[in-house]
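Worksheet for the structure shown next.
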Amino acid sequence: MTKLVDRIRRVFTRTRSTSPPQKSPTDKGGKRLKRLPFLFWCSVVYLIVELGFSAQLLVMAGSQITPEQLDSIELVGRTLSGIAITLFLIAGVTKAALPWRVKTAGIALITLVTIATVWTVQEVVIMGLLKTMSEDQRSRALVLTSSTGLIRDGHINIPTMDLSPEALAQPSGLSFMAMFPALALSRETIDDELKPLLPNAFKRALVLSCDGPVACLGSADQFVTEIWPPLEADLTAMYEQYDQVRRPAINPSREMVRDEAQSAWRRYQDRLQRRGLDHTTKHHRQVRQELRRQGLKVSDNWRLDDYQGFERAVRQRIIEKAGRAVRNALFDEFGTYEFPIDLNED
């Protein structure tokens, strides 16, 4: 009996010593805490950058900035928006039981895709808002943005407010200038009140000397000798670019039409041969319809071997395609489709 009790005791002791250790309820939380620092420090770095960007944005929004600076602000702002969403999306990747190289590649891929998606969505929203703006809204926006610059530069005064350079350099002054167009929109008659002030303000901006801190075009001598030459060079370069883009939409060159027509004619002949057809086929109507679906508007009596008529259709397609491209580019630049493609037309 004693031997049996000893044997049972040895088996029980061995079983207890080889049993796996019980997991503590806090182990899972401990692992989660071990993973916390990565996202925590990413969030801290993001917040530091975001705060710095917001402070710089306030300074630049309340000051006079160049188009290049505006593009830089837009780039950084949209990128930060994408990173903010990325920090939310990568939580699952950081918790996954994957090798660190796979995690790194996944985080990089999510970041790039998210930033590109956010950029595209913001661009679609902005362009949609611009396209839905009425003519009156565009007019008010032009008046308010023009007035903002003139107020900041001291050409328009508001008697009840301190708009001195020292006051506008303060955070409250920068905030006021940055928000002035949005705040002024709440007053429906603000553009009517500001319009009479604009001519004199613009005139004042033209004749002031540029030696001081106020931005202006300068006196007559300064304008002719310092301001106008670079403006003329920029305008000439802009017109040359515009003329190069709009020329195919007005009068494409003979060489362009010839090269495009010859290439399209070869493709047209190849398609006919693959289908076992030639210009003697009876399916004239079917062939014409297929060409029209490709943008070649041949006439109803066009013969299948008429190269001259085919070339005229190619020329018309070039004009229409270039015209659409020019109109879209002009809308992106000026915000309206009413800008003429040909500035020489009446």
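Computed quantities for the displayed model
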quantity	calculated
Dipole axis of region 262-346 (+1 Lys, Arg; -1 Asp, Glu on Cβ), positive-most option in Ala325, His284, Asn301	His284
Accessible surface, 1.4 Å probe, highest first, among residues Asp162, Asp342	Asp162, Asp342
Where labels lie 7 Å past Cα in the beta-carbon direction, separation of Ile341 and Glu226 in nm	4.3
Exposure ranking of Ile227, Ile48 by accessible area [1.4 Å probe, largest first]	Ile48, Ile227
Rough spin-label spacing in nm, given labels placed 7 Å along Cα→Cβ, for Ala237 and Lys131	3.1
Centroid-to-centroid separation of region 259-332 and region 218-239 [C-alpha atoms, Å]	47
Candidates per chymotrypsin sites (Phe, Trp or Tyr not before Pro) in region 248-346, loop by DSSP, up to 16 other Cβ within 10 Å	Tyr337
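The values are calculated or read from the model by the stated rules, or taken from the named source; none is laboratory data. The shown structure was predicted, so the numbers you read here are calculated from the model rather than taken from an experiment. Every residue, glycine among them, receives a Cβ derived from its backbone with ideal geometry; neighbour counts consider all protein chains shown. Note: areas computed on protein heavy atoms with side chains; ligands, DNA, RNA excluded. Shrake-Rupley method; radii C 1.70, N 1.55, O 1.52, S 1.80 Å.
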